[in-house]
Amino acid sequence: MARVMANADVKKELEELDKKHFIHPTSNMGQLQEEGPAFIFTKGEGIYLEDISGNRWMDTLSSLWNVNVGHGREEIGEVAKEQISTLAFTSTFSNWSHEQVIRLAEEVAKWTPGDLNVTFFTSGGSEANDTAFKTVRHYWDVQGQPEKKKIISRKKSYHGVAMGATSATGIPEFHTFTQSIAPDFHYVDTSVQELKDLIAKEGADSIAAFISEPVQGSGGVNIPPEGYFKEVKKICEENDILFIADEVICGFGRTGTNFGMENFDVIPDIITMAKGVTSGYAALGGMVISEKLHQELYEKTEGNFWHGYTYSGHPTAAAIALKNLEIIKEENLIENVQARGTQMVAGFEKLKEKYEAISDVRGMGLLGGISFDREQDAAPISPKVVEEALTRGSICRAVVYGGQDTLAFAPPFIITAEQMDDMLAIVDASIEAAFEAQKQ
Ligand code: PLP
């Protein structure tokens with residue numbers, strides 16, 4: 001009892017400090033000032049998160065689509081402790097190196113398809129995408145085509161919030177927030193014809209690269225139609241446009257294959273990655289390029305590759321990534337992603353049969369979405385479903401921008417069949433309760 005009281009006091013104190021001193025990423029600032037943070041988490045264990053009051057929820061989005069091996073892995077903690085005690089940090093700028101970054105670059109090459117074997121490391125996904133945009137422009141420059149600068153991305157895409165990444169992101173809210181985005185970014189719907197038309201209009205000799213997530217995550221778990229990426233890759237090859245796959249969510253097993261583009265039988269020229277490489281146990285991302293591109297770059301670049309972050313190849317983050325990737329392999333977690341993904345989509349299909357308002361369900365591996373078709377002026381229902389799910393022990397994500405009304409799911413790779421049944425039962429009960437509440 002005394003402990004519960006003490007926690008209540010600490011909670012109150014933290015809520016006030018949070019309001020006063022902390023700006024939350026992608027948040028409603030006014031709401032936070034009024035209500036304070038909705039959760040103050042203190043612990044993670046497997047697929048569950050626990051808050052300061054002792055409440056426990058299933059983490060059905062793996063936090064930010066990233067805690068793939070689940071929370072509370074002591075073996076990763078041990079590796080981190082060992083690395084921090086031995087060599088917490090050193091630079092990789094210029095000609096400096098260290099064992100963990102070298103071993104991780106080799107390990108990443110074992111996971112990637114084709115000859116995508118050479119990695120530049122970053123602290124996260126936004127930096128990985130900015131790195132890719134700068135690299136492709138530099139590449140065309142050293143090829144004697146400095147005018148090839150434009151980047152084409154897809155509407156509803158999310159590529160992060162650094163300046164280049166924001167500019168590539170195809171969700172308008174991220175642009176209007178800052179009033180100005182970088183030049184030379186263009187957007188297409190998921191239409192091969194629209195891409196062809198844009199290339200014809202802008203001129204292939206002005207376009208450096210096309211970027212896409214294999215399955216759009218933050219934009220609402222959107223899986224492109226059969227054959228789309230194969231066609232796009234062909235068009236890119238015909239027009240000397242580099243193809244960048246943003247595998248920040250899909251990479252390292254999320255869609256049931258090592259990388260998401262493998263589901264579409266496409267090998268990109270560049271992969272950007274983050275999240276799943278460390279399962280969120282450390283901040284790390286990267287850009288992986290083909291050996292061919294690498295060779296052209298080092299043969300033709302005069303002087304330096306003028307790009308690098310302090311934490312490009314952080315030793316502790318690299319050691320953690322190595323352990324995380326070992327766990328995914330040793331525990332055959334990608335097989336579990338496939339099995340539980342099939343179970344998840346089968347469950348979604350049943351929900352679609354039950355609720356007329358569900359317009360579409362979809363999934364690839366453990367990345368899934370349920371969309372609602374609502375009358376035009378009706379408020380989206382998915383935030384209400386999220387609210388109901390919270391009272392039933394599950395944290396879910398609603399996607400409501402761009403006219404969407406979607407529930408997004410990306411549970412940890414370790415989820416069991418029984419836990420998946422629990423998740424589906426909670427989603428079912430929460431949808432029912434949300435519609436009931438709306439009737440009243
Ligand atoms: N790309 C994709 C597909 C993402 O989902 C995200 C983050 O959610 C990013 C890039 C940006 O990554 P970060 O937030 O690590 O900068």
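The values are calculated or read from the model by the stated rules, or taken from the named source; none is laboratory data. As the structure is a prediction and not an experimental result, all values here were calculated from the model. Note that each Cβ is placed from the backbone with ideal geometry, even for glycine, and that neighbours are counted across all protein chains shown. Ligands, DNA and RNA are stripped out before the accessible areas are found, and what is left, the full protein with its side chains, is counted by its heavy atoms. Shrake-Rupley method; radii C 1.70, N 1.55, O 1.52, S 1.80 Å.
Scanning the range 345-362 finds one or more residues that are acidic (Asp, Glu), part of a strand (DSSP E or B) and open to solvent by 30 Å² or more (accessible area, probe 1.4 Å). Looking at the range 394-416, is at least one residue closer than 27 Å to residue 281 by Cα and more than 23 Å from the chain's Cα centre (by Cα)? The answer is no, given that none of the residues of the range 394-416 is closer than 27 Å to residue 281 by Cα and more than 23 Å from the chain's Cα centre (by Cα). Quick check: is even one residue across the range 330-337 open to solvent by 10 Å² or more (accessible area, probe 1.4 Å), over 20 Å from residue 66 (Cα atoms) and at pLDDT 95 or above? Checked against the condition, which is being open to solvent by 10 Å² or more (accessible area, probe 1.4 Å), over 20 Å from residue 66 (Cα atoms) and at pLDDT 95 or above, the range 330-337 yields no hits at all.
Looking at residue 194, is it within 16 Å of the ligand (Cβ to nearest atom), farther than 14 Å from residue 151 by Cβ, free of Cβ contacts under 8 Å to residues at least 60 places away in the same chain and not polar (S, T, N, Q)? For residue 194, the condition - within 16 Å of the ligand (Cβ to nearest atom), farther than 14 Å from residue 151 by Cβ, free of Cβ contacts under 8 Å to residues at least 60 places away in the same chain and not polar (S, T, N, Q) - is not met.
Scanning the range 385-400 for residues that are more than 22 Å from residue 46 (Cα to Cα) and open to solvent by less than 60 Å² (accessible area, probe 1.4 Å) gives 385, 388, 398, 399.
One line per residue, one yes/no per condition, for (1) surrounded by 15 or more Cβ atoms within 10 Å (Cβ to Cβ); (2) under 25 Å from the mean Cα position of the chain (by Cα):
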{"site": "14", "(1), (2)": "yes, no"}
{"site": "17", "(1), (2)": "no, no"}
{"site": "26", "(1), (2)": "no, yes"}
{"site": "39", "(1), (2)": "no, yes"}
{"site": "60", "(1), (2)": "yes, yes"}
{"site": "73", "(1), (2)": "yes, yes"}
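Among the residues of the range 96-151, those that are open to solvent by 40 Å² or more (accessible area, probe 1.4 Å), of a type in the set (D, E, K, R) and more than 16 Å from the ligand (Cβ to nearest atom) comprise 99, 103, 106, 110, 115, 137, 141, 147, 149. The combined condition, being out of contact with any Lys or Arg (no Cβ under 6 Å at 6 or more places or on another chain), surrounded by fewer than 16 Cβ atoms within 10 Å (Cβ to Cβ) and in a loop (DSSP other than H, G, I, E, B), is fulfilled by residue 375. Considering the range 256-293, and only residues there that are polar (S, T, N, Q) and within 12 Å of the ligand (Cβ to nearest atom), the residue that is farthest from residue 307 (Cα to Cα) turns out to be 278.
Working only within the range 105-153, note down all residues that are within 25 Å of residue 326 (Cα to Cα) and aliphatic (A, V, I, L, M). Of everything in the range 105-153, those that are within 25 Å of residue 326 (Cα to Cα) and aliphatic (A, V, I, L, M) turn out to be 105, 108, 109, 116, 118, 128.
Residues that are over 19 Å from residue 223 (Cα atoms) and surrounded by fewer than 21 Cβ atoms within 10 Å (Cβ to Cβ) were ranked within the range 152-173; the one that is farthest from the ligand (Cβ to nearest atom) is 172.
A quick yes/no check of all residues on (1) in a loop (DSSP other than H, G, I, E, B); (2) at pLDDT below 95; (3) within 22 Å of the chain's Cα centre (by Cα); (4) not polar (S, T, N, Q):
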| position | (1), (2), (3), (4) |
| --- | --- |
| 147 | yes, no, no, yes |
| 151 | no, no, yes, yes |
| 160 | yes, no, yes, yes |
| 165 | no, no, yes, yes |
| 180 | yes, yes, no, no |
| 195 | no, no, no, yes |
